[in-house]
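Data block below; observations after.
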Amino acid sequence: DVKVTQSSRYLVKRTGEKVFLECVQDMDHENMFWYRQDPGLGLRLIYFSYDVKMKEKGDIPEGYSVSREKKERFSLILESASTNQTSMYLCASMLESYNSPLHFGNGTRLTVT
Amino acid sequence: GESVGLHLPTLSVQEGDNSIINCAYSNSASDYFIWYKQESGKGPQFIIDIRSNMDKRQGQRVTVLLNKTVKHLSLQIAATQPGDSAVYFCAETYAGGTSYGKLTFGQGTILTVHP
C-alpha cells in the first residue's frame, strides 16, 4: 500500500509566522500535490510537482510556496501565515501523471490565530 | 472530512442494505473517474476508479457505473456496514489542456449506516 505521511496532525501558529508542512511518500511516485480542504469549498489544489525541483501552481497558490528537493518529500510553506489559511491541508502523491489515482495523507489541521 | 456537514447530500441506510451514491460531472471531455471515501479526521481513501472506455467496474463490495451520455457516475456499495459510514466523493480528470492529470472533486455525500 502507498503510504503518504504528513509530519503533523495538528498545528497552531500565530499570524505572521512562517509555517512548514512536511509530506513524505514511500512509493517512489513522481507526482506530489498539496490541497486544502474547507467546508463548502471542497478540495482545492495549491501546488503540485511532477519531478524533483519542479513545481507548478494549482488553483490557489497565493500565500504559499513549495519545495521538492528529494523525490519522496514535498513541503508546503506559508511565508507569513494569515487567519484565512486556517484549514485542513492534504498532501497526495500519484504514480503516473494521468489515469492514476491520488493517494492522500491523513492531513494537517492548521489553525492560525 | 471533506466539506463536513455543510449542505452536503446525505444518505442514511440500514446495515446490510445496498447503498447507491451519485455524482454528476460537467466536463464531457473527462475520461478518468475515481471514487474516494473520507472518514472523520482522515484523508480521502481511494476506493475504485474507472476509465471512460468502460461503463461498469467492480471491486470488493463496490461497483462503479459510468453513464457518459448523461455525465453521471454512481457508486454502489453492497451489504453496507457501519464501517462504511463516511463522506464519499467523486473526482474526474481528462488528458487535455493544462489539466495534466489534475483532478476535479465533487462536494461529497455523507453516508450514515445504522446498525
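The values are calculated or read from the model by the stated rules, or taken from the named source; none is laboratory data. In this text the structure is predicted, and so the values were computed from the model without any measurement. Cβ sites come from the backbone with ideal geometry, for glycine too, and all protein chains shown count toward neighbours.
Scanning the range B:12-38 for residues that are at pLDDT 95 or above and more than 11 Å from the chain's Cα centre (by Cα) yields B:SER12, B:VAL13, B:GLN14, B:GLU15, B:GLY16, B:ASP17, B:ASN18, B:SER19. Candidates in the range B:30-75 are the residues that are polar (S, T, N, Q) and in a strand (DSSP E or B); of these, the one that is surrounded by the most Cβ atoms within 10 Å (Cβ to Cβ) is B:GLN38.
How about the range A:77-113: which of its residues are of a type in the set (Phe, Trp, Tyr) and over 14 Å from A:PHE20 (Cα atoms)? Scanning the range A:77-113 gives A:TYR98, A:PHE104. Within the range A:40-51, which residues are surrounded by 14 or more Cβ atoms within 10 Å (Cβ to Cβ) and over 28 Å from B:LEU8 (Cα atoms)? A:SER49, A:TYR50, listed by residue number.
Per the conditions (1) at pLDDT 90 or above; (2) within 22 Å of A:TYR98 (Cα to Cα); (3) part of a loop (DSSP other than H, G, I, E, B), the sole criterion not satisfied by A:TYR35 is (3).
A:VAL24 meets each of the listed conditions (1) outside any loop (DSSP other than H, G, I, E, B); (2) within 17 Å of A:SER82 (Cβ to Cβ); (3) not basic (Lys, Arg) apart from (2). So in the range A:4-14, with the set limited to residues that are more than 30 Å from A:ASP28 (Cβ to Cβ) and of a type in the set (Lys, Arg), which one is nearest to the other protein chains (Cβ to nearest Cβ)? Applying the filter and picking the extreme gives A:LYS13.
Do we have any residue at all in the range B:42-54 that's small (Gly, Ala, Ser), without any contact (Cβ under 8 Å) to a residue 60 or more places away in the chain and more than 24 Å from B:ASP17 (Cβ to Cβ)? The answer is yes, given that some residue of the range B:42-54 is small (Gly, Ala, Ser), without any contact (Cβ under 8 Å) to a residue 60 or more places away in the chain and more than 24 Å from B:ASP17 (Cβ to Cβ). Go through the residues of the range A:66-74 one by one and say whether even a single one is surrounded by fewer than 19 Cβ atoms within 10 Å (Cβ to Cβ), more than 28 Å from B:HIS7 (Cβ to Cβ), over 10 Å from the mean Cα position of the chain (by Cα) and at the interface with another protein chain (Cβ under 8 Å from one of its Cβ atoms). So far as the range A:66-74 goes, no, none of its residues is surrounded by fewer than 19 Cβ atoms within 10 Å (Cβ to Cβ), more than 28 Å from B:HIS7 (Cβ to Cβ), over 10 Å from the mean Cα position of the chain (by Cα) and at the interface with another protein chain (Cβ under 8 Å from one of its Cβ atoms). Within the range A:91-113, can you find the residues that are among the polar types (S, T, N, Q), more than 9 Å from chain B (Cβ to nearest Cβ) and surrounded by fewer than 19 Cβ atoms within 10 Å (Cβ to Cβ)? Listed by number, the residues that qualify are A:THR111, A:THR113.
With respect to the stated conditions, A:GLU17 is over 30 Å from B:ALA95 (Cβ atoms) and away from chain B (no Cβ under 14 Å). Listed by first and then second residue, the pairs linking a residue in the range A:69-87 that is in a strand (DSSP E or B) to a residue that is charged (D, E, K, R), with Cβ atoms under 6 Å apart and 6 or more places separating them unless they lie on different chains, are A:PHE74/A:ARG68; A:SER75/A:GLU22; A:SER87/A:ARG36; A:SER87/A:ASP38. Per the conditions (1) over 15 Å from the mean Cα position of the chain (by Cα); (2) more than 8 Å from chain B (Cβ to nearest Cβ); (3) hydrophobic (A, V, I, L, M, F, W, C); (4) closer than 20 Å to B:PHE89 by Cβ, the sole criterion not satisfied by A:MET88 is (1).
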